[in-house]
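Please read the structure below before turning to the comments.
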Amino acid sequence: MQYLKFILYEVILFSPFFILNFYESIYFKSPFTKGGFLALIISVCVYAVLISLLIKLFIRFEAISFKRKTLLSILNLFISGLITGIIMSFILGAE
């Protein structure tokens with residue numbers, strides 16, 4: 001049950017990384033404008049919050065060894081990328 005909760009929480013926390021990465025490419029172009037700078041600041045703040053939540057998640061699940069957490073995180077990276085890709089391609093129409 002601990003592994004399932006860990007996987008579910010990490011999928012929820014990894015998915016915004018992929019969504020942010022997709023939308024960052026729209027705003028970060030070669031001429032750096034005020035809008036691009038604002039988008040960069042917002043992205044860095046969101047990444048900082050997500051990374052702090054992932055660290056708290058790692059600390060919360062002490063019963064799972066670090067090696068297993070790492071392996072589950074790699075698996076979650078692929079799962080959340082797949083889920084996010086499916087959602088963005090079918091529902092939002094992103095390519």
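Side notes on the structure shown:
- Take the conditions (1) in a helix (DSSP H, G or I); (2) in contact (Cβ under 8 Å) with a residue 60 or more places away in the chain; (3) of a type outside the set (Asp, Glu); Ile64 misses just one of them, which is (1).
- Residue in segment 24-45 that is modelled with the highest pLDDT, counting only those that are under 19 Å from Ser80 (Cβ atoms) and surrounded by 14 or more Cβ atoms within 10 Å (Cβ to Cβ): Ser43
- Residue list for segment 46-61, restricted to those being hydroxyl-bearing (Ser, Thr, Tyr) and free of Cβ contacts under 8 Å to residues at least 24 places away in the same chain: Ser52
- Of all residues in segment 1-15, those satisfying the criterion of being surrounded by fewer than 16 Cβ atoms within 10 Å (Cβ to Cβ) and not β-branched (Val, Ile, Thr) are Met1, Gln2, Tyr3, Leu4, Lys5, Leu8.
- Single unsatisfied condition, Ser80 versus (1) modelled with pLDDT under 85; (2) surrounded by 13 or more Cβ atoms within 10 Å (Cβ to Cβ): (1)
- Cβ pairs under 8 Å, 6+ apart, first in segment 78-90 and closer than 12 Å to Ile19 by Cα, second among the hydroxyl-bearing types (Ser, Thr, Tyr): Ser80/Ser15; Ile83/Ser15; Thr84/Ser15
The values are calculated or read from the model by the stated rules, or taken from the named source; none is laboratory data. Please read all numbers here as calculations on a predicted model, not as lab measurements. Cβ atoms come from the backbone with ideal geometry, glycine included; neighbour counts cover every protein chain shown.
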